[in-house]
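**Q** Sending over a structure as structure tokens; questions will come in a sec.
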Amino acid sequence: MLRITEIFYSLQGETSRMGLPTVFVRLTGCPLRCGYCDTGYAFSGGKSMSISEIMGEVASFSPRYVTVTGGEPLAQADSLVLLAALCDRGYSVSLETSGALDIARVDARVSRIVDIKTPGSGEVEKNHWNNLAYLTFHDEIKFVLCDRADYDWARQKLLELKLDVICPVLFSPAYGQLVPADLAAWILQDQLPVRLQLQLHKLLWGECVGR
């Protein structure tokens, strides 16, 4: 059984899959409290669903792409079972995780989108740096940046740890906090090997639940 906040069909708003029609399975609960979090409604509540019930609802959309997100999906142990089941069904599966929990047991067929929390998030001490050892070019690393100090910190980590050699790296401006054009200018000035990521769903629909 898993605690589920919502299952919905939308366009993927982030990562290299941006724009692709995707079913989102949003799990309930998260041990972090990032200052820019836009899914606080998933911290509690939700409803209990079996793996078979979740699979049935996902199948009703006849998707090609499925994203398991939260909250923090890995806070529920059975999320590993769900991820494997989705892969077995033939979906292209991605996982959006905070980077604070161990990803070692996540099915290798899953594209793991792993955050690295910056000082501006308020949760920088929660980064589980050992996760870097498990990432491949099939995965992605994401920094959400609140200001210039966050950018400088992320740039240092990028270069120091050679993160772009491990997998694609995404720099995303915190919505409503950092002007995207400013972040674009900094990336170009420093010639960083990263992808600037805007949240497509917010550009289309604003801060709307279920989108």
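**Q** Averaging over all projection directions, find the projected area of the Cα convex hull of region 37-92 and quote it in nm² with one decimal place.
**A** Result: a mean projected hull area of 4.3 nm².
**Q** With the chain treated as a Gaussian network of Cα nodes joined by springs under 10 Å, which of Tyr65, Tyr151, Tyr41 yields the largest mean-square fluctuation?
**A** The residue with the greatest mean-square fluctuation here is Tyr41.
**Q** For Cys37, Cys167, Cys30, give me the order by solvent-accessible area with a 1.4 Å probe, most accessible first, ignoring ligands, DNA and RNA.
**A** Final ranking, largest accessible area leading: Cys37, Cys30, Cys167.
**Q** Using Cα atoms only, what is the angle between the long axis of helix 79-88 and the major principal axis of the chain, expressed in degrees (0 to 90) to the nearest 10?
**A** 80 degrees
**Q** Moving on. What percent does the relative contact order of region 9-134 come to when contacts are Cα pairs within less than 8 Å and at least six residues apart?
**A** Computed value for region 9-134: 23 percent relative contact order.
**Q** In addition: Running Debye on region 1-53 with equal point scatterers at the Cα sites and no solvent, what base-10 log of I(q)/I(0) appears at q = 0.13, 0.23, 0.24, 0.30 Å⁻¹?
**A** Each listed q maps to, in turn, -0.39, -0.98, -1.01, -1.09.
**Q** Relative to 2.2 N^0.38 Å, what does the C-alpha radius of gyration of region 78-193 come to as a ratio? Two decimals please.
**A** So region 78-193 has a normalised radius of gyration of 1.12.
**Q** Anyone know which of Ala42, Ala133, Ala154 comes out most mobile in the 10 Å Cα GNM of the chain?
**A** In the Gaussian network model the winner is Ala133.
**Q** Then there's this: Figure the gain on full extension for Glu207 and Asn130 (residue separation times 0.36 nm, minus the Cα-Cα span) and round it to one decimal in nm.
**A** 24.4 nm
**Q** Let me ask something else. Could you identify which residue out of Ser121, Ser50, Ser79 has the top mean-square fluctuation in a GNM of the chain using Cα springs shorter than 10 Å?
**A** Ser50
**Q** Under a no-solvent Debye model with one identical scatterer per Cα of the chain, what's log10 I(q)/I(0) at q = 0.17 Å⁻¹?
**A** For the chain, the Cα-only Debye profile gives -1.23.
**Q** Just how much of Asp88 is accessible, in Å², when a 1.4 Å probe is used and the result is rounded to the nearest 10?
**A** 110 Å²
**Q** Related question: Can you list the residues, at least 5 places off or on another chain, whose amide H is less than 5 Å from the amide H of Gln197, using H built in the peptide plane?
**A** Those qualifying (amide H under 5 Å, at least 5 residues apart or on another chain) are Phe171, Ser172.
**Q** For the chain, what is the charge dipole size about the Cα centre, in debye to the nearest 20, if Lys and Arg each add +1 at the Cβ and Asp and Glu each add -1 at the Cβ?
**A** For the chain, the charge dipole is close to 280 debye.
**Q** I would also like to ask the following. Can you give me the solvent accessible area of Lys47 with a 1.4 Å probe, rounded to the nearest 10 Å²?
**A** 110 Å²
**Q** Looking at region 160-207, I'd like the Rg to Rh ratio, where Rg is from alpha-carbon atoms and Rh is Kirkwood's inverse mean 1/r.
**A** Rg/Rh for region 160-207 comes to 1.03.
**Q** Considering only protein heavy atoms, with the full assembly of protein chains and a 1.4 angstrom probe, order Lys162, Lys142 by accessible area, largest first.
**A** If we order Lys162, Lys142 from most to least accessible, we get Lys162, Lys142.
**Q** Averaged per residue, what accessible surface does region 78-149 expose to a 1.4 Å probe, in Å²?
**A** Per-residue value: 41 Å².
**Q** With label points built 7 Å along Cα→Cβ from the Cα atoms of Lys162 and Glu53, find their separation and express it in nm.
**A** Going from the Lys162 label point to the Glu53 one covers 4.8 nm.
**Q** Give me the one-decimal nm value for the distance between modelled label points at Ala104 and Asp78, 7 Å along each residue's Cα-to-Cβ direction.
**A** The two pseudo-label positions are separated by 2.5 nm.
**Q** Still on this structure, please answer the following. Probe radius 1.4 Å, ligands and nucleic acids ignored: give me the carbon and sulfur share of the accessible area of the chain as a rounded percent.
**A** About 52 percent, which is the carbon plus sulfur part of the accessible surface.
**Q** Normalise the Cα radius of gyration of region 1-112 by 2.2 N^0.38 Å (N = residues in it) and let me know the number.
**A** 0.97
**Q** Take the alpha-carbon centre of region 67-82, take the same for region 162-211, and report the distance between them in whole Å.
**A** Rounded to whole Å, the Cα centres lie 24 Å apart.
The values are calculated or read from the model by the stated rules, or taken from the named source; none is laboratory data. Keep in mind that what you see is a predicted model, and the values were worked out from it rather than measured. Reconstructed Cβ throughout: ideal geometry from the backbone, glycine too, with neighbour counts over all protein chains shown. The area values use the complete protein model at the heavy-atom level, side chains included, leaving out ligands, DNA and RNA. Shrake-Rupley method; radii C 1.70, N 1.55, O 1.52, S 1.80 Å.
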